[in-house]
Amino acid sequence: MMVTEALRPFSKRNIRSFFVSNVDGTHISEVLRQVNLEETLFIVASKTFTTQETLQNAMSARDAFLSFIHEKNIPEGGAVAKHFIALSTNTEKVKEFGIDTANMFEFWDWVGGRYSVWSAIGLSIMIAIGYDNFV
């Protein structure tokens, strides 16, 4: 989040990015109210896909998305797989969550914190500022 704020002058103005990084239910509720769920891509970034805060937020987003498609009578078949992607090293946990592993961006488990921005974890930054500005 801090990186995208710092690089805001380079942002793709037609793409809005939101980041939810704590388990405050109010925060994710406010973000979900601001987006069109039918046109939203959720990026779940977790090295192990076991981090409780990350999974809680991802489950809240998934529940809101599923409620939305049921209200709109949109068939559920593969809907989560089409609107959620994962950045992780843990294929099994990603699959358990319901994200198609074809929509998983893997990275090595030895990639550490300060270097992770240049791994798949940096995908949200690249989307926010554009590929040319990212590289």
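The values are calculated or read from the model by the stated rules, or taken from the named source; none is laboratory data. Owing to the predicted nature of the structure, the values given are computational and were not obtained by experimental measurement. Using ideal geometry, Cβ is built from the backbone for each residue, glycine included, and neighbour counts are taken over all protein chains shown.
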Taking Glu53 and the conditions (1) in a helix (DSSP H, G or I); (2) modelled with pLDDT of 95 or more, which numbered condition does it fall short on, given that it satisfies the others? (2)
Only one of Phe18, Phe42, Phe84, Phe65 is surrounded by 14 or more Cβ atoms within 10 Å (Cβ to Cβ), more than 12 Å from the chain's Cα centre (by Cα) and either within 30 Å of Val111 (Cα to Cα) or of a type outside the set (Val, Ile, Thr) (or both); which? Phe65
Filter the stretch 108-135 down to the residues that are under 11 Å from Val3 (Cβ atoms) and modelled with pLDDT of 85 or more, then identify the one that is farthest from the chain's Cα centre (by Cα). Phe134
Tally the residues that are within 21 Å of Asp63 (Cα to Cα), crowded, with 16+ Cβ neighbours inside 10 Å and either in contact (Cβ under 8 Å) with a residue 40 or more places away in the chain or touching a Ser or Thr at 6+ places or on another chain (Cβ under 6 Å) (or both), restricting the search to the stretch 95-113. 2
What's the number of the only condition in (1) closer than 23 Å to Ile15 by Cβ; (2) aliphatic (A, V, I, L, M); (3) not in a helix (DSSP H, G or I) that Val111 fails to meet? (1)
Does Thr48 satisfy being closer than 29 Å to Trp118 by Cα, β-branched (Val, Ile, Thr), in contact with a helix residue (DSSP H, G or I) (Cβ under 6 Å, 6 or more places away or on another chain) and modelled with pLDDT of 85 or more? no
Just need a number here: residues in the stretch 57-78 that are out of contact with any helix residue (DSSP H, G or I) (no Cβ under 8 Å at 6 or more places or on another chain) and acidic (Asp, Glu). 2
Say whether the condition of being free of Cβ contacts under 8 Å to residues at least 24 places away in the same chain and farther than 19 Å from Leu123 by Cβ is met by at least one residue in the stretch 16-26. yes
Quick one: Glu92 ticks every box in (1) of a type outside the set (Ser, Thr, Tyr); (2) surrounded by 15 or more Cβ atoms within 10 Å (Cβ to Cβ); (3) at pLDDT 95 or above bar one, so which box is it? (2)
Any idea which of (1) at pLDDT below 95; (2) under 20 Å from His83 (Cα atoms); (3) not in a loop (DSSP other than H, G, I, E, B) is the one Ser60 doesn't satisfy? (1)
